[in-house]
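Step one of this worksheet: look at the structure below.
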């Protein structure tokens, strides 16, 4: 996609996404942070649209905004009131260091890679995507599902109370 | 839920300004998530010291006060009070007066149950439709009251020794028209709600009280009958010649909100039957005996009760031979029915608590007096 | 594009898309770069307001709903302002704008102001993909069904923002209920839509309509379960009455709207109707043949057919709202997880089998009629069987009280009085 | 018709079930001694011949020098009602055992009686002012309410009720 409108959309999206990302980091109120995160997700979906990946964009909104963000909100609401803000943390310096390193690596990779430029945007439909996922990439796809299932079971195990375990043991 | 995730219970004020408390009534509930762990009632926002006021007024002057306790059943309240005074003073009421009293009390029961049924379904969330339908029929009953007593809500119609006025000649045809329509209306409400899955799901098993608990909590009226106890003052202790009329006592199965609802619906049917019979056998003669205006009953006490729409409506009057009662006590059925509220709500959800409150059919004017 | 129907001439007003398309071309030639979008937006806004928003949102949504509910409740409904009370929505809007918009001291001001605004935007976006006619679709994107589901999940967050920002316990209840309910109802909804997509083989809404037109069958007959799930889920997410637990007025006092007043509340109210109409439009498009009506669309402008169908669908929402009591939150969740989800999965398996059969056997298109009969029977059987399996026994519930003639103590259930009449 | 138990009938049964529980009896009511009130009530509730399972009415009456608390109890199966009373002689700190252990539903009526008469019901699970607000100074249904703090408001001196019934009108028990 070319043109003034596209470039404008790109820059607006970039601005929104960056502001949202900064908001997630800087906002003291945990709930505001979650809402900024949602804005970030929407911005990402916008990028996908710009890249002509309609299906991915919609999936991004449905899954991240519609489901994951809602789950995060749920988690925030269920945490005790004491932990409802982004307090000061002793891990500030290590985290900064880690992020800096990561940024450096990514920047290096971006500049170092020999990007292939496509002449025209490939038209990938949802059908193609499904075809690819269920034929060529079926193993990673299924592995990912298994992984998610394991994570689900694990999280249930983690939050189980001692009484219930005793109940089950009987 | 409580075992899985640690949550802190917090207090939720239902009322005094809340659409479902039927007036200024407040429940402080402690909720854990949506589950109620504790409930405390706060009342008295409408307290008007009726019992104290009545000690300063003559026996006849007290009749309008009784209108204003349970303003949805003023006729029944009038009746309970005048019965107590008549019992105290040994006054007999002519046949026609008794028959008119029965007609009025039963019409009042229909009107009050209309309100109870409508408000209850509104609490279950049936967004005003049944309320409006019930109001439509209640309106016709109130028209009859207006025709006879001049007032719609606070009728002030019963007098010591009879009733205030004889029935106007338009009353009988109008009542017969109403009685012809009422069974159809009750069937309509039944068709709308009783078979409805959502309504059943919301009310079945909610606020269930066993017969023992209901008795122990001094409940009365549809609450007691819903729990399966066949107790109706009209049958057990007939007044105003109720023994002459053929009717039956509806009783429920497990004492839940649904049982109270169907008991009320059936009571309306029975009331229609009673009014029909009373109209058919309406005796002639005077409607009232002459009673001195400044009545001074002999010293003593009397407890008279009627089966009000909400339950046993009792009046306890002590006389010291003075012109006004020495002690005037009302046994308010909805106040006492509330005593089991905590029993019924704890363990349920907030939505259940609203349904339970609706099934008690409270009138705050009567609770606070 | 569709020679059987549209001449593609600009004067063919049976499809307003022709006129607007031609207009855009002309303007594009005449005007310098960029201005055309502004002008087109203005014209489009005015036109859609006149054709769709005015009749739908104001007349059907506000006036019609109030009037119909009034009739259901045996009263007149609005009849004072203007002829037949038709100006009532206008009067309401003026009243709302004049009202003071209160903000509680402890509220989260930013979120509270933001929530109504964010609530409005997705509603407008939803209509972008709805096909009003063969050419009358603003964005005929290939993933329109997904787009619709995605955009309609945003208002949930808004209602959550609204409920949380007030710092009011009732509102927080409403917010929690919205969040919990949405998670539960998205799942069967998406599974139900999957069944539809399996049949049609396209995610585009225009494609879905054309598929139905081509095979001369509405998807509601092919996918009765999906339709029921869509209707229930939509009414749950729209907070319409049988499932309006998030703003349950008699329990939590309008939930997330408790503290809103004035036009902030008005935006929520208006957009609630907007979402309901959008859901109705989506339902009509996917399940009820969209702008087609068995050939009648050749003569009657398709957009009129579409708007009429949408309003009839919306009538279903009004009807349920006027007559049904409200479910409890746990019952609603149980219904979603234990009832709708398994049935949706069953439906999916059935559809997949049928689709496979259709492709492998290279059967004639008329096989869809057989599928329709099978699916309707299967839907009835599944609903009945599964509800029995879950312990649903209506005949065991006595609906009339027992009657006794004598006063006395407790009447045991066995002795039964005179039994239910 | 509901059978009305007379005072002596109830008194005889109560005396037999719980010796020493009956104070005296009038044709209308049976007076129980406060110290044995709960025990006697429980016995009357449980006994088959009385079967007073339902406490209908509970209220207080002020007789200037003492209070009476009136209990109307009834049996569904026998269709009978009885009036039982208890005297509260101490006017400064009136108190009576609560019958909540026998009839749980008594709690609200006892609260009301406490609220309006100031009679403390000992053993009550949650005795509080139910109709008036906490901290209200007077006891409104007492006959001398107007001379209490919170009773007579400024400007009400000529109110007829203040002087009307100053002499005790009812014969006082010894």
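Numerical summary
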item: Flag if residue B:226 is on the phi > 0 side of the Ramachandran plot and crowded, with 24+ Cβ neighbours inside 10 Å; result: no
item: One residue from A:20, A:33, A:69 being surrounded by 16 or more Cβ atoms within 10 Å (Cβ to Cβ), part of a helix (DSSP H, G or I) and at the interface with chain C (Cβ under 10 Å from one of its Cβ atoms); result: A:69
item: Some residue of segment C:66-79 being out of contact with any strand residue (DSSP E or B) (no Cβ under 7 Å at 6 or more places or on another chain), over 30 Å from residue B:139 (Cβ atoms) and either part of a loop (DSSP other than H, G, I, E, B) or modelled with pLDDT under 85 (or both); result: no
item: Residues that are part of a helix (DSSP H, G or I), within 16 Å of residue B:192 (Cα to Cα) and without any contact (Cβ under 8 Å) to a residue 60 or more places away in the chain, drawn from segment B:116-155; result: B:118, B:131, B:132, B:133, B:134, B:135, B:136, B:137
item: Number of the exception - residue C:97 against (1) assigned to a helix (DSSP H, G or I); (2) at pLDDT below 75; (3) exposed (fewer than 14 other Cβ atoms within 10 Å of the Cβ); result: (2)
item: Evaluation of residue C:132 against (1) in a helix (DSSP H, G or I); (2) away from chain A (no Cβ under 12 Å); (3) under 15 Å from residue C:282 (Cβ atoms) (one fails), failing number; result: (1)
item: Filter result (in a helix (DSSP H, G or I), within 10 Å of residue C:132 (Cα to Cα) and in contact with a helix residue (DSSP H, G or I) (Cβ under 7 Å, 6 or more places away or on another chain)) within segment C:282-305; result: C:285, C:303, C:305
item: Selection count where residues are in a helix (DSSP H, G or I) and either under 23 Å from residue C:188 (Cβ atoms) or in contact with a strand residue (DSSP E or B) (Cβ under 6 Å, 6 or more places away or on another chain) (or both), scope segment C:235-254; result: 9
item: Filtered residue count, segment C:386-413, keeping only those that are outside any loop (DSSP other than H, G, I, E, B), under 22 Å from residue B:265 (Cα atoms) and either in contact with a helix residue (DSSP H, G or I) (Cβ under 7 Å, 6 or more places away or on another chain) or facing another protein chain (nearest Cβ under 7 Å) (or both); result: 4
item: Candidate set: segment B:24-47, residues that are within 11 Å of chain D (Cβ to nearest Cβ) and in contact with a strand residue (DSSP E or B) (Cβ under 6 Å, 6 or more places away or on another chain); chosen: the one farthest from residue B:353 (Cα to Cα); result: B:42
item: Selected residue (criterion: surrounded by the most Cβ atoms within 10 Å (Cβ to Cβ)) from residues of segment C:319-335 that are within 17 Å of the chain's Cα centre (by Cα) and more than 7 Å from every other protein chain (Cβ to nearest Cβ); result: C:320
item: Which listed residue, of B:29, B:37, is more than 19 Å from residue D:130 (Cβ to Cβ) and outside any loop (DSSP other than H, G, I, E, B); result: B:37
item: Residue within segment D:3-12 that is within 11 Å of chain B (Cβ to nearest Cβ) and at pLDDT below 85 present; result: yes
item: Filtered residues of segment C:357-377 (kept if over 29 Å from the mean Cα position of the chain (by Cα) and buried (at least 16 other Cβ atoms within 10 Å of the Cβ)); result: C:358
item: Residues that are in a helix (DSSP H, G or I) and within 14 Å of chain A (Cβ to nearest Cβ), drawn from segment C:197-218; result: C:197, C:198, C:200, C:205, C:207, C:208
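The values are calculated or read from the model by the stated rules, or taken from the named source; none is laboratory data. Just so it is clear, the structure is predicted and the values come from calculations on it, not from any experiment. Note: ideal-geometry Cβ built from the backbone for every residue, glycine included; neighbour counts use all protein chains shown.
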